[in-house]
Amino acid sequence: MTIREIKFVPESCLREKCAPIEDINDEIRKLADDMLATMYDAPGIGLAASQIGVLKRMFVLDVAERESEENGSVEKEPMVFINPEITWFSEEKSTYQEGCLSIPGVYEDVERPSEVRVSFLNLEGERQEIESGGLLATCIQHELDHLNGVLFIDYLSRLKRDRIVKKMIKQQKQA
Ligand code: NI
């Protein structure tokens, strides 16, 4: 497993539409391992391939730690989604304060459907479908957006978004 370099806004790879994965081979399994290692190292609860500059439709998640904070358990529950598609959205919406490993230090409220059904391939190439709510549903939508070049700051006002991008450019000049 290799920890890969996370790309920050305004890197152009974060704005690309990613291509479907045709074949789940060793390269893809290695990529999934690297993405999970990179996510846990950051630390974060989700990471899309485009965030490490790989323009493929895959993301990884682990919301278990965050959800189980209350009972003190820290079991890892890595999830890998290949070629994911949202097949159903609830009409009900909920708001979460979102952040992104590609936009460090920025947290803003985003409203999204509360529940979604997502269809995807797992690492064995099997088509699966899960229904999710709460933090998991928000994360799935946030990560799936990445595969289409969409970032959570796109849901904010233009003024707010421009301010965040300017701040990111400034931070990277200093770094
Ligand atoms: Ni993100």
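The values are calculated or read from the model by the stated rules, or taken from the named source; none is laboratory data. It should be emphasised that the depicted structure is a prediction, and the values quoted were computed from it without experimental measurement. Please note: Cβ atoms are built from the backbone with ideal geometry, for glycine as well, and neighbour counts cover all protein chains shown. Surface accessibility is based on the protein's heavy atoms, side chains included, excluding ligands, DNA and RNA. Shrake-Rupley method; radii C 1.70, N 1.55, O 1.52, S 1.80 Å.
Please report, in cubic angstrom per residue, the volume enclosed by the convex hull of the alpha-carbon atoms of segment 1-145.
Each residue corresponds to 117 Å³ of Cα convex hull volume.
Taking 18 Å as the straight-line reach from the Cα of Lys30, the lysines in range (excluding those fewer than 8 positions away in the same chain) are Lys56. Full extension of the chain segment joining Lys167 with Phe89 gains 24.8 nm, where the gain is 0.36 nm per residue of separation less the Cα-Cα distance. Two tests apply to each whole DSSP H helix in the chain, Cα reach of 30 Å or more along its axis and mean Kyte-Doolittle hydropathy of at least 1.0, and none passes both. Put a plus charge on the Cβ of each Lys and Arg, a minus charge on the Cβ of each Asp and Glu, and nothing anywhere else: the dipole of the chain about its Cα centre is then about 1200 debye.
Overall, segment 91-174 carries a charge dipole of about 880 debye about its Cα centre when +1 sits on the Cβ of Lys and Arg and -1 on the Cβ of Asp and Glu, all other atoms neutral. Can you spot the lysines whose alpha carbon is less than 20 Å from Lys170's alpha carbon? Ignore those fewer than 8 places along the same chain. Straight-line reach from Lys170, under 20 Å: Lys7, Lys160.
In segment 94-171, what percent of the accessible surface is made up of carbon and sulfur (1.4 Å probe, ligands and nucleic acids excluded)? Here it works out to 47 percent. When both segment 156-175 and segment 8-66 are represented by their alpha-carbon centers, they are found 23 Å apart.
As a check on your grasp of the helix formula, calculate [θ] at 222 nm for the chain: sum -39500 (n - 2.57) over DSSP H runs of n ≥ 4, divide by the residue count, round to the nearest 500. That comes out to -9000 deg cm²/dmol. Give me the accessible area per residue for the chain, probe 1.4 Å, as a whole number in Å². Computed with neighbouring chains in place, this is 55 Å² per residue. For the chain, the relative contact order is 24 percent, taking Cα pairs closer than 8 Å that sit 6 or more residues apart in sequence and dividing their mean separation by the residue count.
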